[in-house]
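Below is one structure; the comments refer to it alone.
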Amino acid sequence: MVKIIFKKITEYKTVIGIMTGTSLDGVDTLVTRIMGRGASMRHENLCFKVFEIPSGLKERMRSIMKNKTAALEEICRINFELASLYADCIKKICRASGVGVEDIDFAGISGQTFFHVPGEATMQLGSGSALSSILNLPVVWDFRAADIAAGGQGAPLVPYLDFVLFSPLKRDIVTLNIGGISNITHIPAAGGFYAVKAFDCGPGNMIIDKMVIEMTGGRKKYDKDAAIALGGKMAPELFELMSSHPYLKIAPPKSTGREAFGDAYTKGLIDYCKAVSISFPDMIRTATEFTAYCVIEDIKKHIAPSFAASGIKKACGRGALLVCAGGGAENPLIFETLKKGAGSAGIETVRSNSMGVDSKSKEALLIAVLANETVYGGASNVPSATGAKKSVVCGSVAYQPRRPLQKNVRRIREIE
């Protein structure tokens, strides 16, 4: 039998994690070192970069997602183009970090989600087999399918990492990641792995970014520092329309994506704003506050009631904690709105950086950690979050035969 990984689980591995999210804002690429697995996992990030998606490829992908249709040839080509893009990103970050591609033990890739039918089917493009062949590197990919086959939603993926990072604190922790979509994880102070709850709240940056792109003719890609939103005011009629979205009425476990809150939905909102003369700044202000509203409402309805036994009204520093990550956490209006809303429920709000977890690289770290579990045969879905009937090993492994580094040959033979 061919060995995929020559190192023991107790040794540090050099791992690549790649994440491309629903917002299509770049390829998050991380080089990290990982030792162990599960709650005993330790990691040390070496280098993180966000590389651009070529504009032509980005527009083709966005068009497919918007129109929900594509020629089979186009899907086929994009699958391989993404693999080539990931290969280029790995080469670039290896140069930036001073780590050779041949020194990478394995890589994990999220793939680009094109369509997700919660609990039924999912499709991420970016061939792990092609990437493995291009770089002669073991690659782990396709992390959602096994959970769906086990009766789960196939999402969210992040609760596993959140449990690994924050369960040792023995405190009620609610982690929030705001990418294109916002999702939360609750790690109970007095509860194990199977007590973790997690789900998608609704839109993160997706609606805001698309509004900015459309209304500026592409001159701006997002609302930097909430400058546009802070120049506007809440439009009650628009907020009422957005808050009537049927997804907000669904109880967990639940997951969503571009299918519900993508370009088609946002275009309808823009058309509505134009029809009733809602200004651009007011539009962005309302969409920004709506993102925070979805999070706070879900916490109050589905998470906070379980805090009673842990004493949520304890003083800050000992009670429940909301830990924010992702690009949306850098938006000052979103963060302050979250802080105010969570504070009204007795929850302290911080950015993940203050907890020693880099906000920007967290999703790429997630993929690296999931890949590590898969390589060593560990389950990494969270059934209490996805609704799966059982724990499963997530991801497929593509590899080419590799020789161990010469200095390790004798040690590996002794192990065998």
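The values are calculated or read from the model by the stated rules, or taken from the named source; none is laboratory data. The structure presented is a predicted model; accordingly, all values stated were derived computationally and were not measured. Note: ideal-geometry Cβ built from the backbone for every residue, glycine included; neighbour counts use all protein chains shown. To get the accessible areas, we keep the full protein, side chains included, count just its heavy atoms, and leave off ligands, DNA and RNA. Shrake-Rupley method; radii C 1.70, N 1.55, O 1.52, S 1.80 Å.
The residue list Lys267, Lys274 contains one member that is touching an Asp or Glu at 6+ places or on another chain (Cβ under 8 Å), under 21 Å from Ala235 (Cα atoms) and of a type in the set (D, E, K, R), which is Lys267. For Leu57, the criteria (1) over 23 Å from Val375 (Cα atoms); (2) in contact (Cβ under 8 Å) with a residue 40 or more places away in the chain hold in every case but one, which is (2). Against the numbered list (1) of a type in the set (A, V, I, L, M, F, W, C); (2) open to solvent by less than 10 Å² (accessible area, probe 1.4 Å); (3) part of a loop (DSSP other than H, G, I, E, B), Leu30 comes up short only at (3).
Each residue in the range 80-93 was checked for being more than 20 Å from Ser63 (Cα to Cα), open to solvent by 70 Å² or more (accessible area, probe 1.4 Å) and aromatic (Phe, Trp, Tyr), and 0 pass.
Only one of Ser359, Ser380, Ser391 is open to solvent by less than 10 Å² (accessible area, probe 1.4 Å), closer than 24 Å to Phe143 by Cα, modelled with pLDDT of 95 or more and hydroxyl-bearing (Ser, Thr, Tyr); which?
Result: Ser380 is the single residue among Ser359, Ser380, Ser391 that is open to solvent by less than 10 Å² (accessible area, probe 1.4 Å), closer than 24 Å to Phe143 by Cα, modelled with pLDDT of 95 or more and hydroxyl-bearing (Ser, Thr, Tyr).
The helices (runs of 4 or more DSSP H) found entirely in the range 234-280 that carry 2 or more residues being within 13 Å of Cys294 (Cα to Cα) and not hydrophobic (A, V, I, L, M, F, W, C) are 236-243.
May I ask you to verify whether Glu44 is assigned to a strand (DSSP E or B), surrounded by fewer than 16 Cβ atoms within 10 Å (Cβ to Cβ) and at pLDDT 95 or above? Walk me through how you get there before you give the answer.
Values: assigned to a strand (DSSP E or B): yes; surrounded by fewer than 16 Cβ atoms within 10 Å (Cβ to Cβ): yes; at pLDDT 95 or above: yes.
Spelling it out, Glu44 is indeed assigned to a strand (DSSP E or B), surrounded by fewer than 16 Cβ atoms within 10 Å (Cβ to Cβ) and at pLDDT 95 or above.
For the range 169-194, a residue qualifies if it is touching a Gly at 6+ places or on another chain (Cβ under 9 Å), of a type in the set (A, V, I, L, M, F, W, C) and more than 18 Å from Val350 (Cβ to Cβ), and the qualifying residues are Ile181, Phe193.
For (1) within 28 Å of Val212 (Cβ to Cβ); (2) among the basic types (Lys, Arg); (3) open to solvent by 70 Å² or more (accessible area, probe 1.4 Å), each residue gets a yes or a no:
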residue	(1), (2), (3)
Lys3	no, yes, yes
Glu59	yes, no, yes
Ile78	yes, no, no
Arg95	no, yes, yes
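On the basis of being of a type outside the set (Gly, Ala, Ser) and out of contact with any helix residue (DSSP H, G or I) (no Cβ under 7 Å at 6 or more places or on another chain), does Asn205 make the cut? No; evaluated as a whole, the condition is false for this residue. All conditions in (1) under 15 Å from the mean Cα position of the chain (by Cα); (2) in a strand (DSSP E or B) hold for Met123, with the sole exception of (1). Exactly one residue out of Tyr272, Tyr293 is more than 20 Å from Thr185 (Cα to Cα) and open to solvent by 50 Å² or more (accessible area, probe 1.4 Å): that is Tyr272.
Residue under question is Gly204, and the condition is that it be at pLDDT 95 or above and within 17 Å of Asp25 (Cβ to Cβ); does it hold?
Yes: the conditions hold for Gly204.
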